[in-house]
Amino acid sequence: MKILVIAPHPFYQSRGTPIAVDLLIRVLSERGDIVDVLTFHEGVDRFYGGCTIHRIQPFVRVKEIRPGLSGKKLYCDVHLFFQFISLVRKERYDLVHAVEESAFMALLVCRPISMPFIYDMDSSMTTQIVDKLPFLKPGRKLLEWMERLPMRYATAVVSVCDALAENAVRAGAKEVVVLKDISLLKLYGENGDSVRLRDKLALPRKIAMYIGNLESYQGIDLMLESFALLRSETDDVALVVIGGIDTDIHKYQAMSLQLDINGAVHFLGPRPVESLGHYMAQADILISPRIEGVNTPMKIYSYLDSGVPVLATDLPTHKQVMNDKIAMLAPP
């Protein structure tokens, strides 16, 4: 088959949805499909047989495009939409695989020409928008109605968790497939860093660790405030944070200073996926303090695969794959 994958985010980057798209095109390539990937200008090229990456060329090359709703992302989405139209005019695709908000683009472009498209639903866009812009809460019903449109007309909806699948069924999707994330530990191997954290950072005996981006919905404020309470009881624990862009790291370093825990919190920045298993193995506890959204964080599958104890918020985002028998779930 000739497939167009629309990835409305920087690609490739070592975080959630870009990793999932990387796994997708790897599998499509291995089974012999011809794959075009349309994505943002930012990111690192990946090379697979039969796969061609097409990048937008925005008038102004914005940088550090964050996950979720932002002015930069919307700006890039406009360029993505017009390049999508251009590609469809040149090529006849058997299928368009539209990730996240690009499903709306597929609805507008594919349906009039009877080109099948799949809606790859990694999150609830309405929830993201309302959480980011609370003043839009009165318009939630309208946003939910708009979000249901591509679900209803897609050939199939592929969701990453049961909660999103239930939304698609209620919206009247023709077919719904739950394609859950997987552990990345064995898939990507362990060929990255070999840093021994306790030696390099002179850490105490116990290490708590968070891995992921530092967006507000991840509950990083909650994690730091909770860690400050813990440090008031014992100094035999350090918090290691892996991931995040410089802007967010500086923000939370400042917060750590205000909470008087800056000496016990270590922000390491992004690390290669290949290194995650090495870092997890050094932790005594892995933390997922997410406070918003219903989709399960991709990191949870690797967390559980590592064998290290997991502490997470007692919310549907986690409870779809975890319970009190395999993790410690705490009210946020």
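The values are calculated or read from the model by the stated rules, or taken from the named source; none is laboratory data. Just so it is clear, the model here is predicted, and its values are computed rather than measured. All Cβ positions, glycine included, derive from the backbone under ideal geometry; neighbour counts span all protein chains shown. Keep in mind that these areas ignore ligands, DNA and RNA; they rest on the heavy atoms of the full protein, side chains included. Shrake-Rupley method; radii C 1.70, N 1.55, O 1.52, S 1.80 Å.
Residues whose amide H lies under 5 Å from that of H266, counting only those 5 or more places away or on a different chain, are L239, V240, V241; hydrogens are built 1.01 Å from N in the peptide plane.
Remark: relative contact order (the chain) = 14 percent; criterion is Cα-Cα distance under 8 angstrom and separation of 6 or more residues. A Stokes-Einstein calculation at 20 °C with viscosity 1.002 mPa s, built on the Kirkwood radius of region 196-332 over Cα pairs, returns a diffusion coefficient of 142 µm²/s.
Accessible surface area normalised per residue over region 167-292 is 49 Å², counting heavy atoms of protein chains with a 1.4 Å rolling probe.
Using just its DSSP H runs of length 4 or more, each adding -39500 (n - 2.57), the chain gives a mean residue ellipticity at 222 nm of -11000 deg cm²/dmol after division by all residues. The stretch between L23 and T155, if pulled fully straight at 0.36 nm per residue, gains 45.4 nm over its current Cα-Cα span. With contacts taken as Cα pairs under 8 Å at a separation of at least 6 residues, region 3-108 carries a relative contact order of 34 percent.
Extension gain, L230 to L133: 0.36 nm times the residue separation minus the Cα-Cα distance gives 31.7 nm. Filter the DSSP H helices in the chain by two things, a Kyte-Doolittle mean of at least 0.5 and an axial alpha-carbon span of 20 angstrom or more, and list the hits by number. Those that clear 20 Å and a mean of 0.5 are 16-30. Computing FRET efficiency as 1/(1 + (r/R0)^6) for I285 and L259, where r is the C-beta to C-beta distance and R0 is 25 Å, gives about 0.85.
Stretched out straight at 0.36 nm per residue, the stretch from V178 to T52 would grow longer than its current Cα-Cα span by 42.7 nm.
Highest mobility in the GNM of the chain, judged by mean-square fluctuation with C-alpha springs under 10 Å and restricted to L184, L95, L74, is found for L74.
Step by step: find N for region 66-117, compute 2.2 N^0.38 Å, then divide the Cα radius of gyration by it. What's the final number? Each step should come with its number before you reach the end.
Working: Rg = 11.6 Å, N = 52, 2.2 N^0.38 = 9.9 Å.
Expressed relative to 2.2 N^0.38 Å, the Cα Rg reads 1.17.
Other residues lying with their Cβ under 10 Å from the Cβ of V62 contribute a combined charge of +2, Lys and Arg counting +1, Asp and Glu -1. Between R66 and R92, the modelled label-to-label distance comes to 4.5 nm, taking each label 7 Å out from Cα in the direction of the beta carbon.
For a paramagnetic label modelled on D314 (point 7 Å from Cα along Cα→Cβ), amide N atoms under 19 Å away belong, within region 209-240, to 219, 222-223, 226-227, 230.
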